[in-house]
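Contents: one structure, followed by commentary.
The values are calculated or read from the model by the stated rules, or taken from the named source; none is laboratory data. In this text, all values refer to a predicted model and were calculated from it rather than measured experimentally. Neighbour counts are summed over all protein chains in view; Cβ atoms, including those assigned to glycine, are modelled from backbone coordinates with ideal geometry.
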Amino acid sequence: MPVNTASRPRVSVVVISFNMARELPRTIHSLSAGYQLGIAPADLEIISLDNGSTEEPAKLPSIPGLVHLQLDQPPPSPSFAINEGLKRARGDLIGVWIDGARIASPGIIAGALHAAKLSENPIITTPNYQLGRGHHAARNALAYSREEEDELLQGISWPSDGYRLFDIARSEMRSPDGPFIESNGIFLKKAAWTELGGYDMAFDEPGGGYANPDLLRRALDLPGAELVRLVEEGTFHQCHGGVSTSTEEGLIAFLKRGGAKYRRLRGRPASFVRQVGTLLRKRDYLADIA
Amino acid sequence: MGYSQAEIEDWIKKYIQSVLETNSTALPVDCEWTDLGVDSVELVIMAGVIEDDFDIAVDPHLLVDYPTIRDFSRHLATMLNRRT
């Protein structure tokens, strides 16, 4: 049966969630046309995969191009779910949100589409932020809560101006163009995803362990790969009790255990990416958008 | 099995060279981690790899208390040799 290429989206985004009834609807909304600047509904496909939630299902907004799938007894790592999403994605450019609790800033899709035109094999990354006053792993010490987070979002009238997320968030990096170990909103061309074979399911622990840093490294090692950073965009983590983001002790244990496993698998330490790459700013891709 | 401070220093230097993706043999052992360009997250990861390789628990806060390759190597060698 011939593929109807006429109706193919320009970009697909694969979003993975687990017990994120509160957080996922915001993330999905933030990726939709309308919130995303300069994007028509037909440009975009969102493939949302619930990785076996045990709590109440998320009530998702009605959005053109949204496909929501509930996986039945999937492996605990999101790698399997991501790869299922990649198989279904029809866009030539595909983004992956390994953590469905991350709200996007409004120019990510336009920026990724622009970046995709700059190179044969772009590795397009976005900086990671945490909503609130500090890293959510330290939220107990800072008395940060979901209720406070909800108030912060109300305080900036989100989602009316998504760029105000920067006013209520803290960067996970020293700077958007600085060293980083992973990107939680990463876009590659479909051919690159195919060449990589998606995420490595050897990272089989809940949360995926170092699957995401590993993916970034392997992508940058592809022939002709060029790093492009959307330095004025971001993904903003909502607190939700994730594997690596709940307590300081949990974060340290995650980093130690995952780092040791990564070294055993890859024969080199997990480390930050230090190359700067091409830095794209909003003026590069939003200037023509009214 | 015991380890000398020099052996530990050599292990850490090779590890840091790999993290920084440099072949420079001139990695100063008296420079603080941050001045070497190593991020605190990478230090926590290194603590996990040390645990894996040397079969010893390493509190990453020790890397704050002993902030150079030389200082930390000396302390780790003492820890390792104390248990033998």
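Observations on the model:
- The residue that is surrounded by the most Cβ atoms within 10 Å (Cβ to Cβ), counting only those in the range B:18-49 that are farther than 20 Å from B:Pro60 by Cβ and of a type in the set (S, T, N, Q), is B:Thr22.
- Residue within the range A:98-115 that is polar (S, T, N, Q), part of a loop (DSSP other than H, G, I, E, B), touching a Gly at 6+ places or on another chain (Cβ under 9 Å) and closer than 24 Å to A:Gly258 by Cβ present: no
- Any hit, the range A:228-247, residues being away from every other protein chain (no Cβ under 14 Å), over 19 Å from the mean Cα position of the chain (by Cα) and modelled with pLDDT of 95 or more: no
- Taken over the range B:5-51, the residue count meeting the criterion of being facing chain A (nearest Cβ under 8 Å) and among the aliphatic types (A, V, I, L, M) is 8.
- Candidate set: the range A:119-134, residues that are more than 11 Å from A:Phe236 (Cα to Cα), touching a Leu at 6+ places or on another chain (Cβ under 8 Å) and part of a loop (DSSP other than H, G, I, E, B); chosen: the one modelled with the lowest pLDDT: A:Gly134
- Among the residues of the range A:177-202, those identified as away from chain B (no Cβ under 13 Å), out of contact with any Leu (no Cβ under 8 Å at 6 or more places or on another chain) and not in a helix (DSSP H, G or I) are A:Asn184, A:Gly185, A:Gly197, A:Met201.
- When the test is whether a residue is of a type in the set (Val, Ile, Thr), modelled with pLDDT of 95 or more and over 18 Å from A:Asp92 (Cβ atoms), A:Val67 does not pass it.
- Residue that is surrounded by the most Cβ atoms within 10 Å (Cβ to Cβ) [pool: residues in the range B:52-84 that are more than 11 Å from chain A (Cβ to nearest Cβ) and not in a helix (DSSP H, G or I)]: B:Thr68
- Any hit, the range A:216-237, residues being under 26 Å from A:Trp158 (Cα atoms) and without any contact (Cβ under 8 Å) to a residue 12 or more places away in the chain: no
- If the condition is being within 7 Å of chain B (Cβ to nearest Cβ) and either closer than 14 Å to A:Met201 by Cα or assigned to a loop (DSSP other than H, G, I, E, B) (or both), then the range A:256-270 contributes A:Arg268, A:Pro269, A:Ala270.
- Index of the failed condition, A:Arg170 passing every other in (1) more than 23 Å from A:Pro75 (Cα to Cα); (2) in a helix (DSSP H, G or I): (2)
- Residues of the range A:191-216 satisfying the condition of being among the charged types (D, E, K, R) and touching a helix residue (DSSP H, G or I) at 6+ places or on another chain (Cβ under 8 Å): A:Asp200, A:Asp204, A:Glu205, A:Asp214
- In the range B:3-38, of all residues being part of a loop (DSSP other than H, G, I, E, B) and polar (S, T, N, Q), the one that is modelled with the highest pLDDT corresponds to B:Ser4.
- Whenever a residue of the range A:152-177 is under 15 Å from A:Tyr35 (Cα atoms), its partners that are part of a loop (DSSP other than H, G, I, E, B) and polar (S, T, N, Q), lying with C-beta atoms within less than 7 angstrom and at least six residues away or across chains, give the pairs A:Gly162/A:Ser105; A:Tyr163/A:Ser105; A:Leu165/A:Ser105.
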